[in-house]
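Working notes for the structure below.
The values are calculated or read from the model by the stated rules, or taken from the named source; none is laboratory data. Everything quoted here is computed from the prediction, not taken from an experiment. For neighbour counting, all protein chains shown are included, and Cβ atoms are generated from backbone atoms with ideal geometry for every residue, glycine included. These accessible areas exclude ligands, DNA and RNA; they are computed on the full protein's heavy atoms, side chains included. Shrake-Rupley method; radii C 1.70, N 1.55, O 1.52, S 1.80 Å.
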Amino acid sequence: MRRDRRAELPVSALPVLFVSHGSPMMALAPGEAGAALQRWGQSLTARDDVRAVVVMSPHWMAPVAAVGSHPMPPTWHDFGGFPPALYRLQYPAPGDPALARAVAERLQAAGIPTGEDPQRPRDHGAWAPLRFLLPQARWPVVQVALPADAGPAEVYAIGAALADLRRDGVLMVGSGSLTHNLMEFFGGRPAIDEAADPYVQAFSAWVWQALQAGDLPALLDYRDRAPQAARAHPSEEHLLPLFFALGAAGWPKAGAPDGQPVVHAITREVQYRYLAMDSYAFV
């Protein structure tokens, strides 16, 4: 099993994160991925410049990039067939209608269709990883919907339209899963620490290499270039939040040290043989 590789955040930069939330069971059986997110989150909670979170999860797909404006979104247990303890978990972070409006205004200014949804609850793609990153649940969290017909370039543009919010203390998070073949996952019912399937390792390694190389064209075209891409993602909604994070980070950065993008692996664990839990920070 691959161990996490964590780097310290520069004090002056608010990062953009991509986190893999894997199975809903992450909330109860977090593995090394949960522990790595907790350690990274400690460096966030020690700061005084984080005021809110904007997150995109594939568990809210809508016709447009809608923005959740509920002042206190309920914790939605949007899954079935899991242990009762999972349904008792709550993440009572408030919403932020004013921030939701600011998000929607930026999307509109960029020509991206949007709207506000004042009723939307908070799905597990948002709250499950945030329980480890920001367990105090005191920072407001605003969720952005993944447009149902969007591809990597369109989702990158959504993140890019919101990039300036980082300067105002908003932590941008794309929550998905680096690999997400549920047919194989449910068909095999593997153990959390079962050895990773070779295709999962190959896909994860290719993405990490592309990130280190700053190769945005390759990533945008991952469906044709990455090994076993269709097997890693029979449908691509769980990878698309990575492109939200890349856009919000302005990645790849011009003028980064030695011409390289600034990307850190928070964790590169594989759980349940088929779920790559890779999470990254872009600073």
Relative contact order, percent, the chain [alpha-carbon distance under 8 Å, six or more residues apart]: 33 percent
Low-density loop cleavage sites - trypsin sites (Lys or Arg not before Pro) in the range 53-122, where at most 12 other Cβ are within 10 Å (DSSP): ARG88
Per residue, in Å², the accessible surface of the range 16-282 once ligands and nucleic acids are set aside, probe 1.4 Å: 37 Å²
Top of LEU14, LEU239, LEU86 by mean-square fluctuation, Gaussian network on the chain, Cα under 10 Å: LEU86
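If you roll a 1.4 angstrom probe over the protein chains with everything in place, what fraction of the accessible area of the chain belongs to carbon and sulfur, to the nearest %?
Working: 5790 of 10900 Å².
About 53 percent, which is the carbon plus sulfur part of the accessible surface.
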Per-residue [θ]222 nm for the chain (sum of -39500 (n - 2.57) over DSSP H runs n ≥ 4, rounded to 500): -9500 deg cm²/dmol
Nearest-20 debye value, the chain charge dipole, Cβ charges on Lys, Arg, Asp, Glu: 540 debye
Share antiparallel - DSSP beta bridges, the chain, percent rounded to 5: 35 percent
Residue of GLY34, GLY188, GLY174 that the Gaussian network model of the chain assigns the largest fluctuation, springs spanning Cα pairs under 10 Å: GLY188
Span from the the range 71-114 Cα centroid across to the the range 175-228 one, whole angstrom: 26 Å
Three-way shape call for the range 131-283 based on the alpha-carbon gyration tensor, with the a/c threshold at 1.5: prolate
For the range 1-152: rounded, prolate or oblate by the Cα gyration tensor [a/c cutoff 1.5]: oblate
Net charge contributed by nearby residues that have their C-beta within less than 15 Å of LEU219 (K/R +1, D/E -1): -3
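Can you bin the range 77-178 into rounded, prolate or oblate? Criterion: square roots of the alpha carbon gyration tensor eigenvalues sorted a ≥ b ≥ c, rounded for a/c under 1.5, prolate for a/b above b/c, oblate for the rest.
Prolate.
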